[in-house]
Amino acid sequence: VDERPPVFGRLALIGVGLIGSSIARAARERGVVGSIAASARTEATRKRILELDLADEVFATNAEAVKDADLVILCVPVGACGAVAKEIGAELKPGAVVSDVGSVKNTILQDMAPHLPKGVHFIPAHPVAGTEHSGPDAGFAELFDNRWCILTPPPDADPAAVARLTEFWSMLGANVETMDAEHHDMVLAITSHVPHLIAYNIVGTAAHLGEVTQSEVTKFSAGGFRDFTRIAASDPTMWRDVFLHNKEAVLEMLGRFSEDLSVLTRAIRFGDGNTLFDLFTRTRAIRRSIIEIGQETAEPDFGRRPRTKESPAELPRPYSSD
Ligand code: NAP
């Protein structure tokens with residue numbers, strides 16, 4: 001049990017899906033905030049927030065939710081952040097910290113900052129933790145444990161506010177790192193955004209094949225395909241917004257990816273086994289280093305249990321993505 005006092009009095013969560021509900025659960029369990037106000041655009045989500053006891057008060061408008069809040073976190077798709085900032089700007093308490101959890105940082109800064117009044121501290125953030133599931137039921141308190149949360153404070157940010165937000169995320173279990181928004185977007189383009197695009201693409205290609213049937217693709221998926229389908233099952237709205245908003249960095253990394261793919265294509269065409277073997281040896285070492293720093297399990301096949309006819313279903317377990 002963390003003995004530290006709450007870092008913020010009142011937390012307002014705008015949007016309570018996978019990430020928002022995980023913040024609510026962890027913040028409550030670990031005493032990180034005094035109270036939680038939440039807003040959600042749909043009645044179904046508002047009802048579910050109360051049923052799951054994720055907040056003390058739930059509001060239909062974002063403007064009501066942020067009144068008197070010491071920390072406001074937007075947990076909505078990246079493309080919705082500008083409009084939310086416009087709604088809440090005039091209602092924010094002076095001195096409040098305003099943050100978000102969006103997977104892209106540069107456009108969030110541009111979309112939100114113009115709507116926020118002087119005297120509030122705007123510090124964008126991105127917890128690099130998630131799953132392919134969505135909605136308030138998908139969250140869990142341990143989601144951020146030993147994962148990274150990247151803060152991208154603007155150059156003139158108040159160091160004391162940055163320190164409080166750092167403390168908040170570390171109490172939620174995360175390791176916190178600070179970098180500028182453009183660098184964040186470049187790093188995440190290669191570690192998260194392009195891998196998601198590749199997964200969406202390969203699953204799409206398999207769906208369009210003529211000679212190999214859909215049922216064969218599904219039946220023999222344990223050969224590798226199914227590991228892409230997990231990522232390709234991620235939320236369509238969230239990922240549409242990521243690609244629309246991190247356009248430049250994704251295009252840059254996709255260019256490099258295509259060049260490297262051409263090298264492999266040539267190696268296969270001309271029977272150049274050394275090129276293939278050398279790359280596959282280097283990539284194996286990269287996976288080993290991810291396991292060594294505790295960001296992945298060393299168990300074969302991601303620790304999946306062997307399937308039996310009696311228990312064919314996979315047990316749900318936290319995966320890390322994004
Ligand atoms: P989610 O489970 O789909 O939840 C999204 C929430 O945003 C829901 O409460 C939804 O409201 C609300 N919402 C959707 N569209 C909206 C709009 N146009 N205006 C206002 N509210 C809207 O999504 P999530 O996975 O928590 O993702 C939220 C944010 O976290 C995104 O910016 C994403 O980039 C970032 N993120 C995601 C992951 C991940 O792996 N999933 C990881 C790190 C960061 P209703 O329920 O009422 O429809």
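Read-outs throughout are calculated quantities, based only on the coordinates presented, and are distinct from any laboratory measurement. Just so we're clear, the structure is a prediction, and the values are computed from it rather than from any experiment. So basically every Cβ, Gly included, is an ideal-geometry build from the backbone, and we count neighbours across all protein chains shown.
Checking the conditions here, which among Val84, Val58 is within 16 Å of the ligand (Cβ to nearest atom), farther than 20 Å from Trp148 by Cα and over 23 Å from the mean Cα position of the chain (by Cα)? Going through Val84, Val58 in turn, the sole match is Val58. Inspect the range 88-101 for any residue being closer than 23 Å to Gly294 by Cα, outside any helix (DSSP H, G or I) and within 9 Å of the ligand (Cβ to nearest atom) and give the result as yes or no. Checking the range 88-101: at least one residue is closer than 23 Å to Gly294 by Cα, outside any helix (DSSP H, G or I) and within 9 Å of the ligand (Cβ to nearest atom).
In the range 191-239, counting only helices (runs of 4 or more DSSP H) that sit wholly within it, the ones holding 1 or more residues that are within 16 Å of the ligand (Cβ to nearest atom), over 21 Å from Ile286 (Cβ atoms) and aromatic (Phe, Trp, Tyr) span 194-207. One residue alone among Leu165, Leu116 is in contact with a Leu (Cβ under 9 Å, 6 or more places away or on another chain) and within 16 Å of the ligand (Cβ to nearest atom), and that residue is Leu165. Before we move on, is Ala249 assigned to a loop (DSSP other than H, G, I, E, B) and either within 24 Å of Val78 (Cβ to Cβ) or not basic (Lys, Arg) (or both)? So Ala249 does not fit the description; no. Consider Ala125 carefully, then state whether it is touching a Ser or Thr at 6+ places or on another chain (Cβ under 8 Å) and small (Gly, Ala, Ser). Yes; evaluated as a whole, the condition is true for this residue. Selection of the range 19-34 for residues being within 16 Å of the ligand (Cβ to nearest atom) and of a type in the set (Lys, Arg) yields only Arg25.
Screening Ala80 against (1) surrounded by fewer than 24 Cβ atoms within 10 Å (Cβ to Cβ); (2) part of a loop (DSSP other than H, G, I, E, B) leaves a single unmet condition, (2).
For the range 92-121, name all the residues that are crowded, with 17+ Cβ neighbours inside 10 Å and among the polar types (S, T, N, Q). Of everything in the range 92-121, those that are crowded, with 17+ Cβ neighbours inside 10 Å and among the polar types (S, T, N, Q) turn out to be Ser99, Ser103, Asn106, Thr107.
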